[in-house]
Amino acid sequence: MIISITNQKGGTGKTTTAINLSAALAFKKRKVLLIDMDPQAHACWGVGVREGDCLSLYEVLSPQAEKRVSFKEILKKVDDNFWIAPSSILLSVLEQQLADSKDKDLRLKMALEKERVEEDFDFIIIDCPPNLGFLTVNALRASSQILIPLQPNIFAFKGLEYLLQLVDIIKEKTNQNLSWKILITCFDARLKYTYKFISQIKETYPDNMCDTIIHVNVTLCKAQEEGKHIFSFDKYSRGAKDYFMLAEEILSQDNKVAWNIEVEEEADKIYVVGDFNSWRISEQFMLNKLDGNKFRNTFYLSPGRYKYRLVVDGRWQEDKSNPLRVKNPFGEYDSVVELK
């Protein structure tokens with residue numbers, strides 16, 4: 001699962017959330033990759049990785065980098081089950097370098113898919129820059145979910161509208177299945193207006209609110225000053241408790257396993273239909289077209305045994321790359337996948 005943490009307004013706890021949610025998931029024995037897409041490299045600083053000491057995303061994504069490297073070459077281990085893909089100030093010039101490139105908004109997605117990075121991790125968390133520019137769009141195009149840290153004040157609420165407009169544009173133009181949730185951060189229980197604000201947010205977006213709330217906690221700031229995530233700095237603090245609860249909330253919604261499917265067909269569009277989606281064609285189960293005639297995507301389903309077929313440009317057929325199959329009532333074959 002790939003989750004982008006984004007908000008164009010600064011000071012919302014975006015990077016703090018990216019670091020400590022990653023650490024909490026790793027603490028819960030999940031393999032986690034934190035991708036620092038912000039040229040300021042604050043996520044790197046927050047886990048003790050210094051810009052200039054290592055290779056960065058720039059060497060992966062830029063066609064003009066002095067030294068081009070693979071995505072997995074830049075990864076730095078932060079802690080048990082926790083790695084980071086470092087950023088660099090040079091990422092700020094990447095948009096200019098790719099101005100004439102047709103796939104400029106897909107550079108990150110293509111890099112991840114090329115090396116099948118998602119298969120190596122349970123979660124990939126992307127810390128976006130505090131704007132709605134080129135790097136943020138790259139992160140969103142690579143993601144399946146968005147987590148939006150939001151301070152309880154009117155300015156943050158107004159800025160949320162612009163971000164959601166961008167999400168709608170991406171979904172409309174690309175048919176991408178992109179869900180989103182709001183996470184209240186910097187919550188001060190002593191201020192009465194914050195309760196009114198939260199009620200307003202819940203009324204406006206009742207289905208898109210995280211149950212967890214991140215409280216104001218000075219220990220979170222102190223941990224970042226030391227270049228540590230909160231669980232290595234003070235695992236008994238209020239901040240650690242909040243992010244631990246957030247990780248549990250995400251895991252409770254993610255009791256599913258990854259199904260990585262890849263096929264090779266001469267086609268424009270391929271959908272996967274099966275008893276897991278009532279045999280209905282859905283954009284949520286569309287395969288992404290890669291180079292040539294290769295198609296691939298990762299879906300998350302509950303453990304079990306499923307029958308499925310491919311819809312290739314409107315034609316229903318079995319998955320020829322999968323030897324597991326059963327005869328259906330129509331005299332043809334359904335492919336079978338078992339997820340454990």
Determine which single condition SER62 fails, assuming it passes every other condition in (1) modelled with pLDDT under 90; (2) hydroxyl-bearing (Ser, Thr, Tyr); (3) buried (at least 23 other Cβ atoms within 10 Å of the Cβ). (3)
State whether one or more residues within segment 16-25 are assigned to a strand (DSSP E or B), within 20 Å of the chain's Cα centre (by Cα), crowded, with 20+ Cβ neighbours inside 10 Å and at pLDDT 95 or above. no
Looking only at segment 80-103, decide whether some residue is within 17 Å of LYS289 (Cα to Cα) and either modelled with pLDDT under 90 or within 14 Å of the chain's Cα centre (by Cα) (or both). yes
Of the residues in segment 65-79, those that are in a loop (DSSP other than H, G, I, E, B) and either under 22 Å from the mean Cα position of the chain (by Cα) or crowded, with 19+ Cβ neighbours inside 10 Å (or both) number 2
Applying the selection to segment 152-200, what residues are at pLDDT below 85 and among the hydroxyl-bearing types (Ser, Thr, Tyr)? TYR162, THR174, SER179, TYR193, THR194, TYR195, SER199
Residue list for segment 26-37, filter: crowded, with 24+ Cβ neighbours inside 10 Å and in contact with a Leu (Cβ under 8 Å, 6 or more places away or on another chain): VAL32, LEU33, ILE35, ASP36, MET37
Being buried (at least 17 other Cβ atoms within 10 Å of the Cβ) and either out of contact with any helix residue (DSSP H, G or I) (no Cβ under 6 Å at 6 or more places or on another chain) or over 12 Å from LEU183 (Cβ atoms) (or both) is the filter here, so list the residues in segment 199-209 that pass it. ILE201
Which helices (runs of 4 or more DSSP H) does segment 136-236 wholly contain that include 2 or more residues that are under 19 Å from the mean Cα position of the chain (by Cα)? 154-174
Checking the structure you have, find out if any residue of segment 133-141 is closer than 23 Å to ILE201 by Cβ, surrounded by fewer than 24 Cβ atoms within 10 Å (Cβ to Cβ) and in contact with a Pro (Cβ under 7 Å, 6 or more places away or on another chain). yes
Take segment 82-105 and flag every residue that is assigned to a loop (DSSP other than H, G, I, E, B) and closer than 16 Å to ALA65 by Cβ. PRO86, SER87, SER88, LEU98, SER101
Condition first: of a type in the set (A, V, I, L, M, F, W, C), surrounded by 15 or more Cβ atoms within 10 Å (Cβ to Cβ) and closer than 21 Å to ALA258 by Cα. Now tell me which residues in segment 304-331 satisfy that. LEU310, VAL311
I need the strands (runs of 3 or more DSSP E) fully contained in segment 237-340, keeping only those with at least 2 residues that are under 18 Å from the mean Cα position of the chain (by Cα) and in contact (Cβ under 8 Å) with a residue 24 or more places away in the chain. 257-264, 294-301
Within the set of pairs 6+ apart or on separate chains, which have a first residue in segment 185-196 that is without any contact (Cβ under 8 Å) to a residue 12 or more places away in the chain and not assigned by TED's automatic domain parsing to the domain that holds GLN151, a second that is part of a helix (DSSP H, G or I) and surrounded by 13 or more Cβ atoms within 10 Å (Cβ to Cβ), and C-beta atoms under 8 Å apart? none
Name, by its number, the condition in (1) more than 30 Å from ILE19 (Cβ to Cβ); (2) in the same structural domain as PHE82 (by TED's automatic domain parsing) that does not hold for ARG305. (2)
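The values are calculated or read from the model by the stated rules, or taken from the named source; none is laboratory data. Bear in mind that the values here come from a model prediction, so they are computed numbers and not experimental data. Backbone-built Cβ (ideal geometry, glycine too); neighbour counts: all protein chains shown.
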